[in-house]
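Written out below as structure tokens is the structure these notes cover.
The values are calculated or read from the model by the stated rules, or taken from the named source; none is laboratory data. Since we're looking at a predicted model, the values are computed, not measured. Counting neighbours? That spans all protein chains shown, and the Cβs are built from the backbone with ideal geometry, glycine included. Side chains included, ligands, DNA and RNA excluded: accessible areas come from the protein's heavy atoms. Shrake-Rupley method; radii C 1.70, N 1.55, O 1.52, S 1.80 Å.
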Amino acid sequence: MPIRLESDLEKRACKAAEDAGWWALKLVCVGHRGFPDRWFIRQGEDGPRIIIIEFKAPGKRARKLQVWVCDKLREIGFEVHHQVDNYEEVVEILGL
């Protein structure tokens, strides 16, 4: 069954990530709009690993503010993906 809603993609991705040992955290930043949907955290070979993903429904685009926030997080060193709209991309990003 194809994924049509952002929430369906996010749920499927979080379930698979948690099964693979990731924490799939949804951080709510009160007073700060545009923050990405999920922060995936786990122990990596060289220490902690954090991957941040902004999910989108298939064919939808990130808002300008979301792109700006993702760019700022990238500038300070985070791995951020802001236009993830399919499960196959999640598998590739998280190495599932």
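Once the stretch 35-82 is narrowed to residues that are open to solvent by 60 Å² or more (accessible area, probe 1.4 Å) and of a type in the set (Gly, Ala, Ser), the residue that is farthest from residue 23 (Cα to Cα) is 59. In the stretch 5-24, the residues that are closer than 17 Å to residue 60 by Cα form Cβ pairs under 8 Å with partners that are open to solvent by less than 50 Å² (accessible area, probe 1.4 Å) and of a type in the set (Phe, Trp, Tyr), at six or more places apart or across chains, as follows: 6/55; 9/55; 9/87; 10/55. Against the condition on the phi < 0 side of the Ramachandran plot and surrounded by fewer than 11 Cβ atoms within 10 Å (Cβ to Cβ), how does residue 19 come out, does it pass? Considered against the rule, which asks whether it is on the phi < 0 side of the Ramachandran plot and surrounded by fewer than 11 Cβ atoms within 10 Å (Cβ to Cβ), residue 19 comes out as yes.
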